[in-house]
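K.L.:
Below is a structure I'd like to ask you about.
The values are calculated or read from the model by the stated rules, or taken from the named source; none is laboratory data. Because the structure is predicted, anything quoted here is derived from the model rather than measured. Don't worry about glycine lacking a Cβ; one is built from the backbone with ideal geometry, like all the others, and counts go over all protein chains shown. Side chains included, ligands, DNA and RNA excluded: accessible areas come from the protein's heavy atoms. Shrake-Rupley method; radii C 1.70, N 1.55, O 1.52, S 1.80 Å.
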Amino acid sequence: MNEIYTYRRGEKVSLQKKPNQFVIRQLPGSLPSSMQVDDLLQVSTASTQVKCDPNQLEALMSEGRKIAPTHHAYIRTDTGGDFLITDRVTISFSRNLSVEDIGSFFGKYGLEILEKISERDYLLRLTDSTGMNPVKLVVLLTETEDIVDNIDHDLNVVAHVSAVQIPTDPLYQSQWHLHQRQASSSDYDPRSSARCEDAWRLLDGFGDSDVVIGVTDDGCQIDHPDFDSPDKFAGWGYFEGTTLMKRESVGASSANMYTPGADHGTACAGVIAAEVDGLLTVGAAPGCRLLPIKWASSGPSLFIGDTRLRRALDYLNDKVDVISNSWGSTPVTDWDSITVRKIDEMARSGGRRDKGIVFLWAAGNDNCPVHHTTDKDVPFTTGSEVFRDQGGTLRLRWIGVRTSKVFFNELAERPGNMHIAALASTAQRSHYSNYGTGISICAASSNSHTYRRLSLPGKGITTTEGDDAVTRSFGGTSSATPLVAGIIGLILSANPQLTALEIISILKQTASKDLNMDGWPKTPPATFDPNPTASWDISPIAPFESGNFTNDRQLPDGTWSPWFGHGKVDAFAAVQRALDLGDNQTVRINASRSPNLSIPDRDPAGG
């Protein structure tokens, strides 16, 4: 079979004829009903691509030529994309020609002048006198006519709008952390938004289903309406004692992934990837998949331990791209050396792509350092406890804060690990958010007074909740952490070749520093606690008392704040950087580790 080819900008392009399609310069509604065709697709303002029985192709094309210019439908051999020729070409001559020479040349090939673009450039239409189709004409003039500097097809191009449809899920408009649609108010500053909607527009989608995000927590309602698409879950697992029952395990049941009332993990999963389906809420990466692990729990307490963590990590190692952990302990988080080594290995070379897994940890909700030693007694509890009175009513009473001079987190600033702080909807540090060495970035979340004495401005996060429900008051660093996990899903959807360490550097380098640096008032006195400022309310302590960004620590990813880390996660900027890096650019990677760190989120119920 002879090769079919033409030229585009002087470069040879190999083509294939579609065996069952042709193009006619008529709109779909103008074709006679006598033409027995399978399908019609408009490919320009005046042309239609016709699909038919391959055995009828030539007969139908002959019939079409009686009506209007009709040509074979072609695809490019190299890409498989449509090459939608028309009966028009553009010609650029190598020198200026006289009117007579131009007329003679066009007459020789039966070409009609549609537009004189410049002295040497013309838009032309083939006629019946041309005696050949546009593909052959372009080849002939390119290869034989020295006077022709270039001849190109005037192609039709079917483009698609690069704007995703805004989710119609009923509660999407209230999900201020994903977009900037709400008007500024005393409790909302648009700077607090993660700008996921803008990132979706860049991607022209909601994330790739090939990206899998792990989330370890108190479970996940697998059959929640916000997760009901086929294959939404790449796997799941729950613990029975120290045994991890996986989806593949004999006797495992997805019903055991959710315990009524234990809604924290379902909310985290919703923040990550609740689907765009017009039902309830939307996650940061609705198109990505989930892999939840359920720890044994009782109320706000999760029962994990070194052995269980290692077994969960072994299962996740080759199945996920990022792991979101909205839990921790205060003032010390300390895993054994085998577990830490396992995390190091997975961050470096684990994951579905063997490019490392990003480990995300909630920084904690205790208004205390993450990783720091001081000579001051720093509170790390709320000072209150819930009790049930004689009538059975739950009540709150002040018992006094617990304090520590040492805050230690083995994973703080370890390569591949990020600790996520909380940013209030006012674009200020959430009052409860832990701070200092170890904070990587911050993300949108709720706001409340750590010690339950003040009413502070700030909106909650709207997301999924167990028992097919939703919540409008999720928050804490527990909510900020899965938000970053979802955004990592978008980054990998934009550029799946990135390593875990490159993703972390992108997040830090693109984080927004345009934030509100105002602090919050100290705890007011009460009859049961007359002088809190003098006796215990001292956070944030020096050298972390200011949220200003500096590069005193000479970090390779730019300036850093004790309150906000490298800044607020910005999905739009991060995805744009990931797309740009498709051109073999280099990401600066911060693989250093500081010697001191602090705590994660110890209160699942409170976020």
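K.L.:
Loop-only check: which GluC sites (Glu not before Pro) in region 61-120 are DSSP coil with at most 14 other Cβ within 10 angstrom?
P.N.:
When the GluC sites (Glu not before Pro) of region 61-120 are filtered for loop state and at most 14 Cβ neighbours within 10 Å, Glu119 remain.
K.L.:
Can you give me the relative contact order of region 278-432 as a percent, contacts being Cα pairs under 8 Å and 6 or more apart?
P.N.:
Dividing the mean separation by the residue count of region 278-432 yields 21 percent.
K.L.:
According to a simple spin-label model (label point 7 Å from Cα along Cα-to-Cβ), what is the distance in nm between Asp277 and Gln182?
P.N.:
Computed distance between label sites Gln182 and Asp277 equals 2.6 nm.
K.L.:
Moving on to the next point. Over region 11-167, what is the relative contact order in percent, taking alpha-carbon pairs closer than 8 angstrom and at least six residues apart?
P.N.:
22 percent
K.L.:
In whole angstrom, note down how far apart the Cα centers of region 374-411 and region 421-436 are.
P.N.:
With region 374-411 and region 421-436 each reduced to a Cα centre, they are spaced 19 Å.
K.L.:
Same structure again: Could you tell me the distance between the Cα centroids of region 163-207 and region 523-562, to the nearest Å?
P.N.:
Going from one Cα centre to the other spans 31 Å.
K.L.:
Still on this structure, please answer the following. Using label points projected 7 Å from each Cα along Cα→Cβ, tell me how many nm separate Lys12 and Leu155, to one decimal.
P.N.:
For Lys12 paired with Leu155, the spin-label model returns 1.8 nm.
K.L.:
Please list, in order, the residues from region 263-283 whose amide nitrogen is less than 13 Å from a point placed 7 Å along the Cα→Cβ vector of Ser253.
P.N.:
none
K.L.:
Starting from 0.36 nm per residue, how many nanometres of slack lie between Arg402 and Ala68 once their C-alpha separation is accounted for?
P.N.:
Contour length minus the Cα-Cα distance gives 111.6 nm.
K.L.:
Let me ask another. From largest accessible area down, sort Ser384, Ser448, Ser104; use a 1.4 Å probe on the protein chains.
P.N.:
Listed by decreasing accessible area, they come as Ser104, Ser448, Ser384.
K.L.:
Go through Met132, Met245, Met257 and list them by solvent-accessible area, largest first, probe radius 1.4 Å.
P.N.:
Met132, Met245, Met257
K.L.:
Looking at region 102-172, which trypsin sites (Lys or Arg not before Pro) are in a loop (DSSP not H, G, I, E or B) and have at most 16 other Cβ atoms within 10 Å?
P.N.:
Of the trypsin sites (Lys or Arg not before Pro), the ones in loops of region 102-172 whose Cβ has at most 16 other Cβ atoms within 10 Å are Arg120.
K.L.:
Express in nm, to one decimal, how much length is gained between Asp210 and Glu545 on full extension, taking 0.36 nm for each residue of separation and deducting their alpha carbon distance.
P.N.:
116.4 nm
K.L.:
Okay, moving on. Of the cross-linked pairs Lys18/Lys232; Lys17/Lys232; Lys246/Lys355; Lys18/Lys116; Lys18/Lys66, which ones have a Cα-Cα span greater than 29 Å in the structure shown?
P.N.:
Lys18/Lys232; Lys17/Lys232; Lys18/Lys116
K.L.:
So, one more: In percent, what relative contact order does the chain have, based on Cα pairs under 8 Å that are 6 or more apart in sequence?
P.N.:
The value is 14 percent.
K.L.:
Then there is this: Between Asp467 and Phe528, what length in nm is gained on full extension when 0.36 nm per residue of separation is reduced by their alpha carbon distance?
P.N.:
Gain on extension, Asp467 to Phe528, equals 18.0 nm.
K.L.:
Picking from Pro482, Ser430, Ala469, whose Cα lies most toward the positive end of the charge dipole for region 375-509 (charges on Cβ: Lys, Arg +1; Asp, Glu -1)?
P.N.:
Value: Ser430.
K.L.:
Further question on the same structure: Computed FRET efficiency, Cβ-Cβ of Glu145 and Asp318, R0 60 Å: what is it to the nearest 0.05?
P.N.:
0.50
K.L.:
Separate question: Taking H as built 1.01 Å from N, whose amide H comes closer than 5 Å to the amide H of Ala73, not counting residues under 5 places away?
P.N.:
Lys18, Gln21, Phe22, Val23
K.L.:
In region 304-349, what percent of the accessible surface is made up of carbon and sulfur (1.4 Å probe, ligands and nucleic acids excluded)?
P.N.:
43 percent
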